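Working notes, structure below.
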Amino acid sequence: MTDKELRFDLIVVGGGMVGAASACACAGKGWQIAVIETRGPQRTWPVGEVDLRVSALNRASERMLTRLGAWGRIRELGVSPYREMRVWDAVGGGRIHFDSADLGQRDLGHIVENRVTQLALWERLEQSADVTLLCPAGVGEIALGQDAVVVHLRDGRRASARLLVGADGRDSLVRDRVGIASHGWAYDQQAIVANVEVERWHQETAWQRFLPTGPLAFLPLRDGRCAVVWSVAEPRARELLQLEEPEFRNALEDAFEHRLGAIGQIGPRAAFPLRLKHAEHYVLPRLALIGDAAHAVHPLAGQGVNLGLLDAAALAAALDEARERDRDIGGLWALRRYERARRGENMLMLAAMDGFKRLFGNRILPLAAARSAGLVAVDRIPPLKHLFMRQALGVGTDVPPLARP
Ligand SMILES: Cc1cc2nc3c(=O)[nH]c(=O)nc-3n(C[C@H](O)[C@H](O)[C@H](O)COP(=O)(O)OP(=O)(O)OC[C@H]3O[C@@H](n4cnc5c(N)ncnc54)[C@H](O)[C@@H]3O)c2cc1C
């Protein structure tokens, strides 16, 4: 082997939250692992600054990150628990309230900056003797062979392994290079994000108003501000981004019905285009796709990372089983176990989020009345409501060992 030829058991392309978690979950098991990432995590930021990219991490994700040894560091860097959720329909008037206390839980999850989760996982990887971080590094050609996969790096090196894990996000180059098609559509919507000051305390509550133009969420931050995620049609998003701060504030206060009083200072605004994408297959011999590379979902229920982390946990479980039975970790015997565990579950979530988006985007009055009646009914039937809460916590279904209590 020359220094241009690198050999591993596992190569993970993409060291974002999901790819880094996948590498962590496979470390310490005797496999040599490489993570190929174009840009490393942000290491420092001004004290007290909260980034625009935040995610609501549920209990299953917290458990998994705890097992991977990253949750303590994540807490140290800063998390914001949310104990309640209040959701209401702008047209039909229906509403629903979820309270973690009803389930005997301390919270429903935490709002965490994406860069915090990624950094805590990278720090774990840097401490692993069997993990090589190839960063910054870009991927060129990928050749899936009978016994190994070969990844050509842009700097001329070649890395081979028994399994390649594609965790390189929604526009996955790995998925394209190995010829796996993905289905879906653009929502012609963008999510505008901004961190804003609010007059009244957010009560550690995640607030979401469904408007016919798209959902608007106010997520509680530990400094008392809220992280706003406001999905609107593309032309409206462009308009909102260009508005001067006072006009944007007025539009946001109206859309949120002044639920937390007047809005104070508004930080920088950014917009992310929204689309639904689902890979036709998650696996091929010597290849597995995880996270957004396999499925991208509408952010209205904040499930993208949570689903991706479960993919990483399920893949680790399938590889463990292969190792115990002396099977090839890049063979279909192991990889189909992963795909079976996750594809149906992810498909259900994609369909549910898409259905919600369409249902609440409809202004037809009888339909609006029916969906509001549905919200009120669920709110009044505790067993049904608890089922929804357990699902949101990620404790309602059969989860992989890494995410179990
Ligand atoms: C507005 C908004 C709000 C959201 N809110 C939530 C929420 O509350 N909760 C939630 O669970 N999810 C949320 N999501 C979804 C969540 O952000 C994604 O599901 C998550 O980022 C996916 O993680 P990932 O690691 O799979 O992909 P990514 O985060 O896209 O990471 C991919 C990584 O791969 C690297 N990469 C890409 N190409 C290459 C290459 N060719 N070679 C090497 N490296 C490469 C990138 O640099 C990056 O580090 C939200 C999304 C949006 C847009």
TODO: Whole number in Å², please: accessible area per residue of the chain, 1.4 Å probe, ligands, DNA and RNA not counted.
DONE: 43
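Computing the accessible area with a 1.4 Å probe over protein heavy atoms, can you report the carbon and sulfur percentage for region 260-376? All intermediate terms of the calculation are to be shown ahead of the outcome.
On the way: 2710 of 4640 Å².
Carbon and sulfur: 58 percent of the exposed surface of region 260-376.
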TODO: Please figure out what share of the DSSP beta bridges in the chain is antiparallel and state it in percent, rounded to the nearest 5.
DONE: 70
Open item on the list: Between region 320-369 and region 1-47, what is the separation of their alpha carbon centroids in Å?
Closed with: 25
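Mean residue ellipticity at 222 nm from the helices of the chain, using -39,500 (n - 2.57) per DSSP H segment of n ≥ 4 over the full residue count, to the nearest 500 deg cm²/dmol? Mind showing how you got there, number by number?
On the way: 11 runs with 142 residues, N = 405.
It comes out at -11000 deg cm²/dmol, rounded to the nearest 500.
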Open item on the list: If a paramagnetic tag sat 7 Å from the Cα of H258 along the Cα-Cβ line, which residues of region 71-108 would have the backbone N under 14 Å from that point?
Closed with: none
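If R₀ is 41 angstrom, what is the calculated FRET efficiency for the pair W201 and L367, using the beta carbon separation as r and rounding to 0.05? Provide the component values of the computation, followed by the final result.
Values: r = 35 Å, r/R0 = 0.85.
Step by step, r from the Cβ atoms, then E = 0.70.
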TODO: Please work out the C-alpha center-to-center distance from region 56-78 to region 119-134 and express it in whole Å.
DONE: 16
- [ ] Could you calculate the FRET efficiency of A351 with E126 from 1/(1 + (r/R0)^6), where r is the beta carbon distance between them and R0 is 45 Å, rounded to 0.05?
- [x] 0.70
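Please work out the ratio of the alpha-carbon Rg of the chain to 2.2 N^0.38 Å and round it to two decimals.
Working: Rg = 21.6 Å, N = 405, 2.2 N^0.38 = 21.5 Å.
Rg over 2.2 N^0.38 Å, computed on Cα atoms: 1.00.
If you stretched the chain out fully between Q265 and R327, how much longer would it get, using 0.36 nm times the residue separation minus the C-alpha to C-alpha distance? Display every interim value, and only then the final one.
Working: separation 62, 0.36 × 62 = 22.32 nm, distance 5.74 nm.
Between Q265 and R327, full extension yields an extra 16.6 nm.
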Open item on the list: Helix check for the chain. Which DSSP H runs span at least 20 Å along their own axis by Cα, with a mean Kyte-Doolittle hydropathy no less than -1.0?
Closed with: 304-324, 332-360, 365-380
Task: Inter-label distance, nm, simple model (7 Å from Cα along the C-beta direction), R380/T66 - done: 3.7
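For the chain, with only Lys/Arg (+1) and Asp/Glu (-1) charged at the beta-carbon, what is the dipole magnitude about the Cα centre, in debye rounded to 20?
Working: 52 positive and 49 negative charges, 153 e Å.
Taking the Cα centre of the chain as origin, the dipole is about 740 debye.
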Task: Farthest positive-ward along the chain dipole, Cα basis, beta-carbon charges - from V150, A233, N346 - done: N346
Open item on the list: I need to check one value: relative contact order of region 263-331, counting alpha carbon pairs closer than 8 Å and at least 6 residues apart, in percent.
Closed with: 27
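The values are calculated or read from the model by the stated rules, or taken from the named source; none is laboratory data. Only a predicted model underlies this, so the values are computations on that prediction, with no experimental measurement involved. Please note: Cβ atoms are built from the backbone with ideal geometry, for glycine as well, and neighbour counts cover all protein chains shown. Just so you know, the surface numbers come from the protein's heavy atoms only, side chains and all, with ligands and any DNA or RNA stripped out. Shrake-Rupley method; radii C 1.70, N 1.55, O 1.52, S 1.80 Å.
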